[in-house]
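Worksheet for the structure shown next.
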Amino acid sequence: MELYDHRETIGANMLWYMQLRGYSKLTFSHLTGISRPTMNKIFTGTSPNPKIYYQQIQLITEILGLPVDYFLHPPQSKIHNKKRQRLFSDKGAY
């Protein structure tokens with residue numbers, strides 16, 4: 001399965017992962033060594049080059065100690081789903 005074909009899903013799941021763990025976009029960028037503008041392209045699924053995109057995803061997952069395809073289907077538990085719901089809710093805090 002080609003990761004580049006799933007850029008939007010990977011970007012959304014990476015944002016979710018990052019926010020669940022309390023990273024800002026800037027701290028996540030510093031952690032991975034990938035510039036903030038490039039990280040934004042990864043998050044939004046607008047990375048233009050498949051080869052470079054794969055290298056970036058490989059670097060990110062390696063730094064985090066995750067399999068390279070982790071952001072295609074990250075494990076979700078009931079706790080994570082509740083946290084995700086709160087993070088993306090437009091109704092404010094519960």
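Applying Stokes-Einstein at 4 °C and 1.567 mPa s to the Kirkwood radius of the stretch 1-49, computed over alpha-carbon pairs, gives a translational diffusion coefficient of 119 µm² s⁻¹. In this view, the solvent-accessible surface of residue 63, computed with a 1.4 Å probe and all protein chains in place, comes to about 70 Å².
Projecting label points 7 angstrom from Cα along Cα→Cβ for residue 55 and residue 26 puts them 2.8 nm apart. Compactness check for the stretch 21-66: Cα Rg over 2.2 N^0.38 Å is 1.08.
The values are calculated or read from the model by the stated rules, or taken from the named source; none is laboratory data. Predicted model only: the values in this text are computed from it and were never measured. A quick note on method: Cβ atoms are made from the backbone with ideal geometry, for glycine too, and the neighbour counts reach across all protein chains shown. What goes into the accessible areas is simple: the full protein's heavy atoms, side chains included, and nothing from ligands, DNA or RNA. Shrake-Rupley method; radii C 1.70, N 1.55, O 1.52, S 1.80 Å.
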